[in-house]
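Asks: To start, I am sharing the structure in question, which I have written as C-alpha cells.
The values are calculated or read from the model by the stated rules, or taken from the named source; none is laboratory data. Please read these numbers as outputs of a predicted model, since none were measured by experiment. Because the Cβ atoms are built from the backbone with ideal geometry, glycine has one as well, and the counts that use them run over all protein chains shown.
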Amino acid sequence: MPVPRPSLRDIARKLNVSHVTVSMALRNHPRISAARCEEVQRVSREMGYRPDPMLSSLIAYRQSKQVKPIAATLAWINRWPDPRALRRQGEFNAYWEGATEAADRLGYRVEEFVVTPDLTAARLNKILQARSVFGLLIPPHPAPIQWSSFAIDWPKFAIVRFGFSALDLKAHMIGNDQMRSGELAVRRAHDLGYRRMGYLTCSGFDSTTDGNFRVGFQRGLETVAVRCHPKPLVLEGRLEQRLPKDLAAMRAWLHRWKPDAILTSEPALPEVLRQFGLRVPDSLGLFATTVRDCGTIDAGLDQNPMEIGRVAAKTLIELVNQQELGNPLLCRRVLVEGSWVNGKSLPPRVT
C-alpha cells in the first residue's frame, strides 16, 4: 500500500511550529532566520517531503488573479551624473514601468535610490537596511561607471542588472537580445528592398551594448547574402556633439560606400545628413536600434523594454525569496527578443 505523502502540517507538528513557518522556510523567506530555514529543510528531506505539483499550480493560479498588498521594497539604484536623465530615455523609463507593474502584482514596491556625490556607500547601506531592502535593480548607466569598486554591501542583496553597461558587476542580467535584433533589422530592411545597408553608431553606445548590435548587423548581412556593404562606422562621440573628426569621418564614409539605408543609434543623424545635402528618405532610408529614443527615425526596432522590466522584477523577487544574495558564482543572462516597427524613415524601396 503506498505511503501517504508527508504534508507541511506533518513537518510543522514534528518541529512544533506553524505550517506557515514551514512553508516560508522552504522558500528561504527573509522573515525566517537562516538557522530555522536550514532546520526545516533538513527535516523535510528526512521525511521525504515533496511539493504537490497540482497544489503548487493551483496556488500560483490563484495568486496571479489577485493584487497583493505591498510587502517589501526593491531598490532601483541611480548613479547617473544627472539622475533625471536616466528616465528621460524611453527605453529605460519603460524598464522602470515594467518592473513597477510586475513588482506591484507580486507584493513589492520599486523605489528609486539616487546616489549623489555626498552619499557614501556606507550611508546607502544603512538606508537600504533601514528600508528592509533585499533586492537591487541596476539600470543602464553611461560609461565609465565602476560598480565592482562601489562599496555597497553586495552579499546582503539579490542583484539584477539591465543590459550590458555594468560589465564589471557580477550579477544576473536581463536585456534585449541585441544581436538577434540587429539581424532582424537587416532582414526587414532587405525585405523592403535595401541592398547597401550601413551601420552608424558612437563608441559609447557600442561599448554599453557590448558591440551586440554591430555584430548582429554584420551577421544579418551574411544571412541575406549581401556581399558588398559599408563597413560599420563607430564615431568617437555622440553625433549631436558634431565633433569635427566625426563629421569628416562620416562624410568620407558616405562618399565611399554610398549606403541606401543606415541602421543607427543616433537621433541627430537626419539633421546631419541634411547638412550634407542628403534627405531622408529620398536620398537614403534610416532605421533605429530603438524607435523610442531616435527622434524622427520612426522605423526600426522595438526592444520590448516593458517586458524586460517585468522579467527583471520577477527574477529579482525570485532571488530574494530564495535568499540567493550577493554576487552569483554563475551569472544568468535572460534575453528578450525585439520586434520590428515599420515607419516613414524606411519606406519600401522601388527597384
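Asks: Hey, any hits in the range 99-110 for a residue that's touching a helix residue (DSSP H, G or I) at 6+ places or on another chain (Cβ under 8 Å), surrounded by 18 or more Cβ atoms within 10 Å (Cβ to Cβ) and closer than 30 Å to THR296 by Cα?
Replies: So far as the range 99-110 goes, yes, one or more of its residues are touching a helix residue (DSSP H, G or I) at 6+ places or on another chain (Cβ under 8 Å), surrounded by 18 or more Cβ atoms within 10 Å (Cβ to Cβ) and closer than 30 Å to THR296 by Cα.
Asks: Across the range 68-113, what is the total count of residues that are part of a helix (DSSP H, G or I) and either closer than 19 Å to PRO305 by Cα or of a type in the set (Gly, Ala, Ser) (or both)?
Replies: So the answer is 19.
Asks: Condition first: within 30 Å of PHE134 (Cα to Cα), part of a loop (DSSP other than H, G, I, E, B), out of contact with any Ser or Thr (no Cβ under 8 Å at 6 or more places or on another chain) and in contact (Cβ under 8 Å) with a residue 60 or more places away in the chain. Can you find one or more residues in the range 9-28 that meet it? Full working, then the answer.
Replies: In the first step, residues of the range 9-28 are kept if they are within 30 Å of PHE134 (Cα to Cα); the result is 9, 11-12, 15-28.
Those left that are additionally part of a loop (DSSP other than H, G, I, E, B): 16-18, 27-28.
If we keep only those that are out of contact with any Ser or Thr (no Cβ under 8 Å at 6 or more places or on another chain) as well, we get 16-18, 27-28.
Of the ones still in play, those that are also in contact (Cβ under 8 Å) with a residue 60 or more places away in the chain are 27-28.
Yes, because at least one residue in the range 9-28 is within 30 Å of PHE134 (Cα to Cα), part of a loop (DSSP other than H, G, I, E, B), out of contact with any Ser or Thr (no Cβ under 8 Å at 6 or more places or on another chain) and in contact (Cβ under 8 Å) with a residue 60 or more places away in the chain.
Asks: Follow-up. Restricting the search to the range 67-126, which residues are hydroxyl-bearing (Ser, Thr, Tyr) and within 17 Å of ILE159 (Cα to Cα)? Steps first, answer last, please.
Replies: Of the range 67-126, the ones hydroxyl-bearing (Ser, Thr, Tyr) are 73, 95, 100, 108, 116, 120.
THR73, TYR95, THR100, TYR108 - these are the residues of the range 67-126 that are hydroxyl-bearing (Ser, Thr, Tyr) and within 17 Å of ILE159 (Cα to Cα).
Asks: Separate question: Residue under question is PHE134, and the condition is that it be part of a loop (DSSP other than H, G, I, E, B) and either free of Cβ contacts under 8 Å to residues at least 40 places away in the same chain or in the same structural domain as GLY326 (by TED's automatic domain parsing) (or both); does it hold?
Replies: Against the criterion (part of a loop (DSSP other than H, G, I, E, B) and either free of Cβ contacts under 8 Å to residues at least 40 places away in the same chain or in the same structural domain as GLY326 (by TED's automatic domain parsing) (or both)), PHE134 does not qualify.
Asks: Are any residues in the range 50-89 in contact with a Pro (Cβ under 9 Å, 6 or more places away or on another chain), exposed (fewer than 15 other Cβ atoms within 10 Å of the Cβ) and either modelled with pLDDT of 95 or more or not basic (Lys, Arg) (or both), and if so, which ones?
Replies: PRO81, ALA85
A quick yes/no check of all residues on (1) of a type in the set (Val, Ile, Thr); (2) at pLDDT 95 or above; (3) more than 27 Å from the chain's Cα centre (by Cα):
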| site | (1), (2), (3) |
| --- | --- |
| LEU247 | no, yes, yes |
| VAL272 | yes, yes, yes |
| ASP302 | no, yes, no |
| GLU324 | no, no, no |
| VAL336 | yes, yes, no |
| GLY343 | no, yes, no |
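Asks: Only one of ALA249, ALA288, ALA299, ALA313 is within 30 Å of ALA34 (Cα to Cα) and touching a strand residue (DSSP E or B) at 6+ places or on another chain (Cβ under 8 Å). Can you tell me which? It would help to see each step written out before you state the result.
Replies: Details: ALA249 fails: within 30 Å of ALA34 (Cα to Cα); ALA288 fails: within 30 Å of ALA34 (Cα to Cα); ALA299 fails: within 30 Å of ALA34 (Cα to Cα).
The unique qualifying residue is ALA313.
Asks: Keeping to the range 319-336, report how many residues are within 21 Å of ASP177 (Cβ to Cβ) and charged (D, E, K, R).
Replies: The qualifying residues number 2.
Asks: Also, I was wondering about something else. I'd like the full set of residues that are surrounded by fewer than 18 Cβ atoms within 10 Å (Cβ to Cβ), part of a loop (DSSP other than H, G, I, E, B) and touching a residue at least 24 places away in the same chain (Cβ under 8 Å), limited to the range 311-342.
Replies: GLN322, GLN323, GLU324, GLY326, ASN327, PRO328, CYS331, ARG332, GLU337, ASN342
Asks: Hey, which of the helices (runs of 4 or more DSSP H) in the range 155-233, taking only ones fully inside, have at least 3 residues that are touching a residue at least 12 places away in the same chain (Cβ under 8 Å) and surrounded by 21 or more Cβ atoms within 10 Å (Cβ to Cβ)?
Replies: Output list reads 178-191, 212-223.
Asks: Is one or more of the residues making up the range 284-305 part of a helix (DSSP H, G or I) and closer than 15 Å to GLY338 by Cα? Spell out the reasoning first.
Replies: The initial filter retains those residues of the range 284-305 that are part of a helix (DSSP H, G or I), namely 305.
Going one step further and asking which of them are closer than 15 Å to GLY338 by Cα, we end up with 305.
Within the range 284-305, one or more residues are part of a helix (DSSP H, G or I) and closer than 15 Å to GLY338 by Cα.
Asks: Which residues, taken from the range 243-259, are surrounded by fewer than 18 Cβ atoms within 10 Å (Cβ to Cβ) and part of a loop (DSSP other than H, G, I, E, B)?
Replies: Correct list: LEU243, LYS258.
Asks: Residue under question is ILE159, and the condition is that it be at pLDDT 90 or above and either closer than 30 Å to LEU284 by Cβ or of a type outside the set (Lys, Arg) (or both); does it hold?
Replies: yes
Asks: Report, by residue number, each residue of the range 270-283 that is among the polar types (S, T, N, Q) and part of a loop (DSSP other than H, G, I, E, B).
Replies: SER283
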